[in-house]
């Protein structure tokens, strides 16, 4: 029998017909496929007992069913499991392949669990046993199937809208199911360089790494949204940084994970550049502090190399100086070949690479030492592969090199070379600073020798010469008892003064002795030495049992007193002088007065008569210094040290 249409309308249809389930058609169209026509008639009667907004078509076999759907649209398919020579299961599969998405209900006279599973796998939304078929059951099954189909249609429309929205986003987007990609947008394809088909063939773990795959599992299990940052190699081989935000979602009826992917390569490059610049600045600052805080050149060179490892990763770092045409290692840090490298002396004349660096005054980069043609350096050290060196340039001459080596070939680049040259300049600064200090030390030692020679000449030599003259004249005065005794007293006084001068000079030759000697003994040495040089009566009064001062303050007080006594001896022409020292829990003060000719403070430069030296020393140790003098009225110098300042300085 061919196709049959049955359309039943009730006279009271306008009042009894229910609202069509599918709003796009006036009647619900149902195709019944069954090789038993009486069964078809029964189905129509059962359903019309509940509703009249239906239109039936009948096909008795597989082929008639395919002809019936050709160019037609149905709202529901009722398909018998057994169609004679063909199976209803195969018919459902074929209808799905042909693009018919209406809900299908499988009918069978011999129900079983296997048939049920086959029906569900073939796309059936329900499965009915003909032996238990009732009007209410049939109507409810059709109604639920249509509603379920409508829900699926709306979900698919929603998913299609979602795909269109996600596809238009500039951010890369993917949806993952079961560790594979179910959806990717154009932005992600452009970002990765892969086509959609290529991405669908890749498991998520293979493409984005284990960390992202693990995060996918956590999100799928119900965790909160997660962020991850990964390095990704594109299809063209470029390495990019991606930020991936993952969240849980439903897609096509399955639990899925939505991923939003942003290319953060530019941000990462900026962050890395900022980190490198900060690290470089911190390393240079630390090196500058080392240069300014210590004059031990070995310590400074080690600090430079130690800071260098934070800026440019490496396995070995050396500083070599050029001496008699050969390089000599003066600084080394690292873990490879230390003994061999320290013993290595490279001939500049036989090493074109170093000669080229000297000629051009620019860094040298050898990407792979072991494969470089005609490069002889470090040939017996196979672990050293990449080499970078920068010249040490002082006074327009190359005096040495700073060198980096690593076991990774092709490691160093031009950016590393620029940073290494900055450290090379610091090495030169440290070396020049050490040389200047050495010169300054030699000059200071020479100046000190000259000062001691002057003091010996002005004080000790003159005193001993005067004593020798008096001693030579004593035989002629032996008959003049008074004159003879006065000569002996003068010789005794001069000898004690010369001894005191020598003790003072010996103390100054050993600066630590000034710190270790009690303050009252230091002042007594100064007074004894001064008495031997002039007829001035000099007294020392100390109103304290024991004076304890910080070392720098003690030496400063000693120098101020020494300079004041020198001024009295050379310029004051005084008959009396007094050094008065007081000490209590609040302050230590020393006052030096004389009855000499004095001077006008307004008329005499502050740089004269040792005033500048005393003022500088007082300022250095935070001592309050006052100087009072009037012509023909003597002078008064007072130096006061408030002890509270010592605690503040320590804090």
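Any read-out appearing in this document is the output of simple, stated calculations on the displayed coordinates, not a laboratory observation. Only a predicted model underlies this, so the values are computations on that prediction, with no experimental measurement involved. Glycine also receives a Cβ, built like all others from the backbone with ideal geometry; neighbour counts cover every protein chain displayed.
Provide 254, 132 in ascending order of the number of other Cβ atoms located within 10 Å of each residue's Cβ, fewest first.
On the way: 254 11, 132 8.
So the residues, fewest neighbours to most, are 132, 254.
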Next item on the list: Describe numerically, in nm with one decimal, the distance between label points set 7 Å from Cα along Cα→Cβ at residue 114 and at residue 231.
Entry: 5.7
Item checked: Ranked list, fewest to most other Cβ atoms within 10 Å of each Cβ, for 60, 635, 247 -> 247, 60, 635
Checklist line | Prolate/oblate/rounded call for the range 120-238, Cα gyration tensor, a/c under 1.5 rounded | finding: prolate
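Can you work out the FRET efficiency for the pair residue 518 and residue 620, with r the C-beta to C-beta distance and R0 = 22 Å, to the nearest 0.05? Don't jump to the answer; show the numbers that get you there.
On the way: r = 22 Å, r/R0 = 1.01.
The pair residue 518/residue 620 has a calculated efficiency of 0.50.
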Note to self: Checking the a/c ratio against 1.5 first, then a/b against b/c, what shape does the Cα gyration tensor give for the range 271-439?
What the structure shows: oblate
Checklist line | At q = 0.17, 0.34, 0.35 Å⁻¹, base-10 log of I(q)/I(0) for the range 26-65 (Debye sum, equal scatterers on each alpha carbon) | finding: -0.44, -1.14, -1.17
Next item on the list: Give me the distance in nm between label points sitting 7 Å out from Cα along the Cα-to-Cβ direction at residue 266 and residue 150, one decimal.
Entry: 5.0
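Please say if the range 537-582 is rounded, prolate or oblate, where rounded means a/c under 1.5 for a ≥ b ≥ c the square roots of the C-alpha gyration tensor eigenvalues, and otherwise the choice is prolate for a/b larger than b/c and oblate otherwise?
Verdict is oblate for the range 537-582.
So how do 255-261, 613-619 stack up, highest first, on mean other-Cβ count within 10 Å? Please list the in-between numbers first.
Details: 255-261: 21.4, 613-619: 16.9.
Top to bottom by mean Cβ count within 10 Å: 255-261, 613-619.
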Notebook entry, point to check: If each Cα of the range 277-355 is one equal point scatterer, what is log10 of I(q)/I(0) from the Debye formula at q = 0.18, 0.19, 0.23 Å⁻¹?
Noted result: -0.85, -0.91, -1.08
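Can you give the Rg to Rh ratio of the range 169-263, both from alpha-carbon atoms, with Rh computed by the Kirkwood formula? Present the calculation step by step, with values, prior to reporting the outcome.
Details: Rg = 12.1 Å, Rh = 13.0 Å.
That ratio equals 0.93.
Please state the relative contact order of the range 271-439 as a whole percent: Cα pairs under 8 Å, 6+ residues apart? Please list the in-between numbers first.
Numbers: 276 pairs, mean separation 37.8, N = 169.
Dividing the mean separation by the residue count of the range 271-439 yields 22 percent.
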